[in-house]
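The values are calculated or read from the model by the stated rules, or taken from the named source; none is laboratory data. Predicted model, so just to flag it, every value in this text is computed and none were measured. Cβ sites come from the backbone with ideal geometry, for glycine too, and all protein chains shown count toward neighbours. Accessible surface is based on the protein model in full, side chains and every heavy atom, while ligands, DNA and RNA are left aside. Shrake-Rupley method; radii C 1.70, N 1.55, O 1.52, S 1.80 Å.
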Amino acid sequence: MGSSPGTSSYDCSFKVLLIGDSAVGKSSLLVSFVSAAPADDDISPTIGVDFKIKFLTVGDKKLKLTIWDTAGQERFRTITSSYYRGAHGIILVYDVTKRQSFTNLADVWAKEIELHSTNKECIKMLVGNKVDKDEERLVTREEGLAFAQECGCLFLESSAKTRENVEKCFEELALKILEVPSLSEEGSSVVKRNSLKQKQENNAKLGGGCCQ
Ligand code: GTP
Ligand code: MG
């Protein structure tokens, strides 16, 4: 598995969401993954919703991941059904040094998924972030694993600062999405629809009236 930046053609397009409390490191994980470098300290809290695109090669498939990042802060929370609609993968992030960010996953975030997610087969991954702060850890790996098993999620612990498990988190999620036929078929049909549309637009520009 590996990433191939700048790829313009791909086999499947997947929508992935990052959710979890404010300051758990959602944006840092995303920036660290997309830029292939450890996240900076000066990252600002997300306002509303943002997204980034990353191309990945998993096995013989080229994938386009559109990764949505949202504000964990209540006053910026603009989550609506449209944010969740059509998601192929959801990453639930907590901070291993903040117990409340872990308990809120069950109390708040899992309920949001239940309420808004349209894709019942969508793959979920639980990520315990900031493992570089081991001396401040308040949530054990065993607790994380037990919760992941309870709600049928994949599980990893990560650090956006050291990049531990950052790539693995997105790659494992993508691999699992590919293994679910309904999700991978849907992800590739989006690509086919877009390439057909592109062909038709090119034909129209060239003055051609029929499909080639
Ligand atoms: P909102 O946008 O408010 O929802 O927060 P967020 O979840 O996007 O968190 P963000 O990425 O903004 O990170 C919050 C703070 O935690 C920042 O100061 C980051 O530098 C820091 N941080 C993020 N990830 C890590 C990590 O793995 N280790 C350490 N030590 N700090 C981290
Ligand atoms: Mg953020």
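Just name the residue that is nearest to Val16 (Cα to Cα) out of those in region 152-170 that are part of a helix (DSSP H, G or I) and of a type outside the set (Val, Ile, Thr). Quick ask: steps written out before the conclusion?
Narrowing region 152-170 to residues part of a helix (DSSP H, G or I): 166-170.
Next, from what is left, pick out any that are of a type outside the set (Val, Ile, Thr): 167-170.
Working: Glu167: 14, Lys168: 14, Cys169: 12, Phe170: 9 Å.
Checking each candidate, the answer is Phe170.
Could you please let me know if Lys199 is open to solvent by 70 Å² or more (accessible area, probe 1.4 Å), under 30 Å from Ser9 (Cβ atoms), out of contact with any strand residue (DSSP E or B) (no Cβ under 7 Å at 6 or more places or on another chain) and in a helix (DSSP H, G or I)? So that I can check it myself, show each step before the final result.
Values: open to solvent by 70 Å² or more (accessible area, probe 1.4 Å): yes; under 30 Å from Ser9 (Cβ atoms): yes; out of contact with any strand residue (DSSP E or B) (no Cβ under 7 Å at 6 or more places or on another chain): yes; in a helix (DSSP H, G or I): yes.
Yes.
Counting only residues that are at pLDDT 90 or above and open to solvent by 10 Å² or more (accessible area, probe 1.4 Å), which one in region 89-112 is nearest to Arg137 (Cα to Cα)?
So the first thing to find is which residues in region 89-112 are at pLDDT 90 or above, and the list is 89-106.
The next check asks that each one be open to solvent by 10 Å² or more (accessible area, probe 1.4 Å); those that pass are 97-100, 102-104, 106.
Numbers: Thr97: 4, Lys98: 8, Arg99: 9, Gln100: 12, Phe102: 12, Thr103: 15, Asn104: 17, Ala106: 19 Å.
Restricting to residues being at pLDDT 90 or above and open to solvent by 10 Å² or more (accessible area, probe 1.4 Å), the top hit is Thr97.
Condition check: in contact (Cβ under 8 Å) with a residue 24 or more places away in the chain and open to solvent by 10 Å² or more (accessible area, probe 1.4 Å). Does Thr70 satisfy that? Walk me through it before giving the result.
Numbers: in contact (Cβ under 8 Å) with a residue 24 or more places away in the chain: yes; open to solvent by 10 Å² or more (accessible area, probe 1.4 Å): no.
The answer is no for Thr70.
Hey, could you check region 142-164 for residues that are surrounded by fewer than 19 Cβ atoms within 10 Å (Cβ to Cβ), touching a residue at least 24 places away in the same chain (Cβ under 8 Å) and of a type outside the set (A, V, I, L, M, F, W, C) and say which is farthest from Lys62 (Cα to Cα)?
Glu143
Starting from region 26-55, take each residue that is modelled with pLDDT under 90 and assigned to a helix (DSSP H, G or I) and list its partners that are near ligand 1 (Cβ under 8 Å from one of its atoms) and among the aromatic types (Phe, Trp, Tyr), counting only C-beta distances under 9 angstrom and pairs at least six apart or across chains.
Between residues of region 26-55 that are modelled with pLDDT under 90 and assigned to a helix (DSSP H, G or I) and residues that are near ligand 1 (Cβ under 8 Å from one of its atoms) and among the aromatic types (Phe, Trp, Tyr), there is no close pair.
Quick check on region 33-51: of everything there that is more than 13 Å from ligand 2 (Cβ to nearest atom) and small (Gly, Ala, Ser), which residue is farthest from the chain's Cα centre (by Cα)?
Among those that are more than 13 Å from ligand 2 (Cβ to nearest atom) and small (Gly, Ala, Ser), it is Ala37.
Output the residue which, of all residues in region 116-144 that are in contact with a helix residue (DSSP H, G or I) (Cβ under 6 Å, 6 or more places away or on another chain) and outside any loop (DSSP other than H, G, I, E, B), is modelled with the lowest pLDDT. Break it down stepwise before answering.
Residues of region 116-144 that are in contact with a helix residue (DSSP H, G or I) (Cβ under 6 Å, 6 or more places away or on another chain), as a first pass: 116-117, 121, 123, 125-128, 138-139.
Applying the additional criterion that residues be outside any loop (DSSP other than H, G, I, E, B) yields 116, 123, 125-128.
Working: His116: 84, Ile123: 97, Met125: 98, Leu126: 98, Val127: 98, Gly128: 98.
The residue in question is His116.
I'd like to check something: does region 80-99 contain any residue that is hydroxyl-bearing (Ser, Thr, Tyr) and closer than 14 Å to Lys130 by Cα?
Start the filter on region 80-99 by keeping residues that are hydroxyl-bearing (Ser, Thr, Tyr), which leaves 80-84, 94, 97.
So of that shortlist, the ones also closer than 14 Å to Lys130 by Cα come out as 94, 97.
Within region 80-99, one or more residues are hydroxyl-bearing (Ser, Thr, Tyr) and closer than 14 Å to Lys130 by Cα.
Looking at Ser27, Ser44, Ser22, Ser35, which is the one that is open to solvent by 10 Å² or more (accessible area, probe 1.4 Å), polar (S, T, N, Q) and more than 10 Å from ligand 1 (Cβ to nearest atom)? Walk me through it before giving the result.
Values: Ser27 fails: more than 10 Å from ligand 1 (Cβ to nearest atom); Ser44 fails: more than 10 Å from ligand 1 (Cβ to nearest atom); Ser22 fails: more than 10 Å from ligand 1 (Cβ to nearest atom).
Going through Ser27, Ser44, Ser22, Ser35 in turn, just one is open to solvent by 10 Å² or more (accessible area, probe 1.4 Å), polar (S, T, N, Q) and more than 10 Å from ligand 1 (Cβ to nearest atom): Ser35.
Considering region 178-194 alone, what residues qualify as being touching a strand residue (DSSP E or B) at 6+ places or on another chain (Cβ under 8 Å) and more than 11 Å from Ser13 (Cα to Cα)?
Within region 178-194, Val180 is the sole residue that qualifies.
Across region 116-152, what is the number of residues that are among the hydroxyl-bearing types (Ser, Thr, Tyr) and within 18 Å of the chain's Cα centre (by Cα)? First the steps, then the outcome.
At the first step, the residues of region 116-152 found to be among the hydroxyl-bearing types (Ser, Thr, Tyr) are 117-118, 140.
Within this subset, residues satisfying the condition of being within 18 Å of the chain's Cα centre (by Cα) are 117-118.
Of the residues in region 116-152, 2 are among the hydroxyl-bearing types (Ser, Thr, Tyr) and within 18 Å of the chain's Cα centre (by Cα).
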